[in-house]
Amino acid sequence: MSQSDSAAFIAGYPLKAHNTFGFDVRAQLACRIEHESQLMTAVRDARAAGLPCLVLGGGSNVVLTGDFAGLVLLVALRGRRVVREDADAWYVEAAGGEPWHEFVAWTLSQGISGLENLALIPGTVGAAPIQNIGAYGVEMCEHFASLHAVELATGDVHEFDADACRFGYRDSVFKREGRDRFVITSVTFRLPKRWQPRAGYADLARELAVRAESIDEPTNEPTNEPTAQAIFDAVVAVRRAKLPDPLELGNAGSFFKNPVIDAAQFAALKEREPEVVSYAQSDGRMKLAAGWLIDRSDWKGRAMGAAAVHERQALVLVNRGGASGAEMLALAKAIQADVLARFGVELEAEPVCL
Ligand code: EPU
């Protein structure tokens, strides 16, 4: 066995720095996975000891409600490369442990565009497909080609194409039947050479307009289309203005999904609440802005102990310091109950609760 085949197991490992809420819980055992071979060995050893495994990348989409009685696999697989290109697209592969934002910035530095709207999303590349991350008019699945995942029960490596991932809005097979079954070790993206800016999302369009106005030398040219770098910079600015930095204020991004309701329920709601913020779906249903529903239920900025609703974006729950996962879930429950009572709409949590 070469040295890289086994990773050291650490007992009583603190997970505070491994979940973006900053919950102070521990793993019975943890090990850092830097090579795929270490993953196989660790999983086999955990199986032999009868211990369940929990995979953590950036810990940006998880609510840890207590200590984990098992082995936590800290996925630190690194590496990114252009695997191939054809006339139409680049195919870029990144290891599961690559920080997502750094990966996006790197693609742009290589002259490869397409992921710029997804700048500054916390977490790792391997976590991105699990909930099909999305922001400012783009979802990851649009640029997804395939991924490799190791099955925990067998150690077998599987390749998943987009169909096999069954992507939906903040959803994939890895949140359903595949939950707790796989470690995503690498993801390949297809980034078309014919690039089109996606700058229609209201907050982003506003930020781009402000930036275009502040450019010193106005030209008489018709408005220039933004570059991918300009979109990247604008997305970073919008996110910094609205969403708390997990390093400063623990959070997991949007805590709830934007709920989708049928046309009849929407018509009745709109009658009662004419200002409700909604987006028509292609199947005739309506997606509602959960942030608006929570805001209108007077939860914005409110707290239950150290678990609070963010002051600038009601969809984000934050840990003001020392909150537990259970306290965060209690806050979430109270919000869900109020939104249901007032609007008749159920909110579903976006992060995985353990
Ligand atoms: N709104 C309020 N009050 C609030 C927050 C929002 O009235 O406190 C209203 C806004 O005025 C706006 C609407 O709700 O009209 C939508 O708000 P926003 O544009 O901020 O987006 P969102 O629907 O709240 C979604 C994603 C975010 C993503 C943004 C931008 C989900 C669950 N959330 O938020 O994703 O960054 O759009 O695309 O789909 C994440 O998933 O963790 C995440 C941050």
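The values are calculated or read from the model by the stated rules, or taken from the named source; none is laboratory data. In this text, all values refer to a predicted model and were calculated from it rather than measured experimentally. Heads up, the Cβs are rebuilt from the backbone with ideal geometry, glycines too, and the neighbour counts pull from every protein chain shown. Just the protein is used for accessible areas: all its heavy atoms, side chains included, with ligands, DNA and RNA removed. Shrake-Rupley method; radii C 1.70, N 1.55, O 1.52, S 1.80 Å.
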Q) Can we say ALA17 is open to solvent by 40 Å² or more (accessible area, probe 1.4 Å), farther than 23 Å from VAL157 by Cβ and either in a helix (DSSP H, G or I) or in the same structural domain as GLU327 (by TED's automatic domain parsing) (or both)? A) yes
(Q) Restricting to the stretch 255-276, count the residues that are assigned to a helix (DSSP H, G or I) and under 29 Å from MET328 (Cβ atoms). (A) 2
Q: Might you check whether a residue that is within 15 Å of VAL339 (Cα to Cα), within 13 Å of the ligand (Cβ to nearest atom) and among the polar types (S, T, N, Q) occurs anywhere in the stretch 292-302?
A: yes
Q) Just to be sure, is ALA234 of a type in the set (Gly, Ala, Ser), open to solvent by less than 30 Å² (accessible area, probe 1.4 Å) and assigned to a helix (DSSP H, G or I)? A) yes
(Q) Take ARG80 and tell me if it is open to solvent by 30 Å² or more (accessible area, probe 1.4 Å), among the basic types (Lys, Arg) and at pLDDT 95 or above. (A) yes
Q.
Regarding the stretch 277-288, can at least one residue be identified that is part of a helix (DSSP H, G or I), within 16 Å of the ligand (Cβ to nearest atom), of a type in the set (Gly, Ala, Ser) and open to solvent by 30 Å² or more (accessible area, probe 1.4 Å)?
A. no
**Q.** So VAL138, is it away from the ligand (no atom under 12 Å from the Cβ) and within 25 Å of PRO244 (Cβ to Cβ)
**A.** no
Q | Matching option when the condition is over 18 Å from the mean Cα position of the chain (by Cα), under 30 Å from ALA205 (Cβ atoms) and surrounded by 17 or more Cβ atoms within 10 Å (Cβ to Cβ), among VAL104, VAL92 | A | VAL92
Q: Kindly provide the set of residues from the stretch 289-314 that are under 22 Å from GLN265 (Cα atoms) and assigned to a loop (DSSP other than H, G, I, E, B), ordered by number.
A: ALA289, SER297
**Q.** Enumerated strands (runs of 3 or more DSSP E) restricted to the stretch 129-209, each holding at least 3 residues that are open to solvent by 50 Å² or more (accessible area, probe 1.4 Å) and out of contact with any Lys or Arg (no Cβ under 7 Å at 6 or more places or on another chain)
**A.** 157-161
(Q) I need the full set of residues from the stretch 293-311 which are out of contact with any strand residue (DSSP E or B) (no Cβ under 8 Å at 6 or more places or on another chain) and within 12 Å of LEU347 (Cβ to Cβ), in order please. (A) LEU293, SER297
(Q) Can you find a residue that is within 14 Å of the ligand (Cβ to nearest atom) and among the hydroxyl-bearing types (Ser, Thr, Tyr) anywhere in the stretch 151-174? (A) yes
Q: Quick one: which strands (runs of 3 or more DSSP E) lie wholly within the stretch 20-85 and hold at least 3 residues that are more than 14 Å from VAL150 (Cα to Cα) and away from the ligand (no atom under 16 Å from the Cβ)?
A: 26-33, 68-75, 80-85
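Condition check ((1) within 15 Å of the ligand (Cβ to nearest atom); (2) open to solvent by less than 60 Å² (accessible area, probe 1.4 Å); (3) modelled with pLDDT under 95) across all residues:
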| position | (1), (2), (3) |
| --- | --- |
| ALA290 | yes, yes, no |
| ALA308 | yes, yes, no |
| ARG320 | no, no, no |
| ALA334 | no, yes, no |
| ALA341 | no, no, no |
Q: Exactly one condition in (1) farther than 21 Å from ALA307 by Cβ; (2) surrounded by fewer than 21 Cβ atoms within 10 Å (Cβ to Cβ); (3) touching a residue at least 60 places away in the same chain (Cβ under 8 Å) is not met by ALA264; state its number.
A: (3)
